[in-house]
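A short write-up of the structure that comes next.
Any read-out appearing in this document is the output of simple, stated calculations on the displayed coordinates, not a laboratory observation. Not measured: the values here are computed from a predicted model. Methodologically, a virtual Cβ is constructed for each residue, glycine included, from the backbone with ideal geometry; neighbour enumeration extends over all protein chains shown.
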């Protein structure tokens with residue numbers, strides 16, 4: 001699969017970079033860069049459970065949202081530590097030994113070939129927990145097809161319905177049609193949600209929607225579209241933890257979600273018969289953004 005790095009089309013940007021010689025539009029080269037690997041307790045309850053989700057935060061991103069909470073690691077000049085495939089495999093195994101309910105791959109589209117190699121190596125060495133693919137939703141169907149059989153749980157965003165907002169805030173006017181096609185492929189692979197005897201999610205797709213200030217109408221369209229397209233084959237997580245930072249160029253986003261905005265969206269969610277998760281207002285905190293300091297990746301090379 002290393003040939004996929006030569007003329008990169010792994011993400012919808014399809015920049016065509018030879019990542020064995022230079023970095024792609026997303027900022028990634030041909031070696032995995034990651035910023036943290038740790039037990040994460042702030043995912044949806046049947047993913048985090050009581051022991052945490054074994055989360056690996058990859059550096060760089062193809063989308064580039066102006067409000068990104070993980071901005072330290074998502075930009076082109078992102079923080080991160082170079083990690084070989086064997087080290088990545090050992091990191092997965094280390095997280096499982098620490099008690100992780102699953103391995104949670106955060107924003108890994110640009111490293112899919114290396115992730116597959118690492119998962120294969122880790123499984124040969126005993127990795128047995130479910131694998132979660134945590135995504136912006138801005139994904140290539142062909143890349144997702146490479147992951148068929150490797151991923152148990154997909155955790156994509158569905159950020160926007162409007163192409164105007166998608167272009168303004170994520171520089172991706174084609175976001176909705178791209179995300180809908182990607183999520184459809186994810187659902188095809190996983191089927192409807194399946195739980196273990198312990199109540200933990202073992203297989204399925206959970207669609208996340210992060211509410212943005214003043215975009216209640218767009219949220220409503222997203223929720224309706226999910227209900228029509230996917231119904232009870234997915235779970236939905238309606239998120240309100242948007243935290244503004246340095247938004248002087250986007251003053252309309254320089255506030256948090258109000259109780260009234262969230263309550264209105266929750267009422268629609270329930271009225272549409274969607275199943276999934278709500279968030280309380282205590283989730284609005286930058287404390288939910290972990291330290292991207294290489295934790296969990298420092299001592300795995302040998």
request  = Report Rg(Cα)/(2.2 N^0.38 Å) for the range 59-149, keeping two decimals.
outcome  = 1.12
request  = Please give the calculated 222 nm ellipticity per residue for the chain, where each DSSP H segment of at least 4 residues contributes -39500 (n - 2.57) and the sum is spread over every residue; nearest 500 deg cm²/dmol?
outcome  = -9000 deg cm²/dmol
message = Using Cα-Cα distances under 8 Å and only pairs 6 or more residues apart, what relative contact order does the chain have, in percent?
response = 17 percent
request  = With everything on Cα atoms, drop me the angle between helix 216-229 and the longest principal axis of the chain, reported from 0 to 90° to the nearest 10.
outcome  = 70 degrees
task = Please give the peptides 97-107, 269-279 ranked by average Cβ packing (other Cβ atoms within 10 Å per residue), highest first, as a rough proxy for protection.
result = 97-107, 269-279
message = Which of 75, 208 has the fewest other C-beta atoms within 10 Å, and how do the rest follow up to the most?
response = 75, 208
key: All-pairs Cα distance distribution in the range 1-99, expressed in whole percent, bin size 5 Å   = 3, 13, 18, 19, 20, 15, 9, 4, 0
Using alpha-carbon coordinates, inclination of helix 259-271 to the longest axis of the chain, degrees = 80 degrees
key: C-alpha long axis of helix 112-124 to longest principal axis of the chain, angle in °   = 60 degrees
ask   = Highest mean first, what order results for 246-258, 29-41 on Cβ atoms within 10 Å?
value = 29-41, 246-258
ask   = Quick one: Debye curve from the C-alpha atoms of the range 121-213, no solvent, what's log10 I(q)/I(0) at q = 0.10, 0.11, 0.14, 0.23 Å⁻¹?
value = -0.31, -0.36, -0.56, -1.12
Label-point separation, residue 258 to residue 272 (7 Å along Cα→Cβ), nm = 2.2 nm
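Take the Cα atoms of the range 2-288, build their convex hull, and give its volume per residue in Å³. List each step's numbers first, then the result.
Details: hull volume 34.7 nm³, N = 287.
Taking only Cα atoms, the range 2-288 has a hull volume of 121 Å³ per residue.
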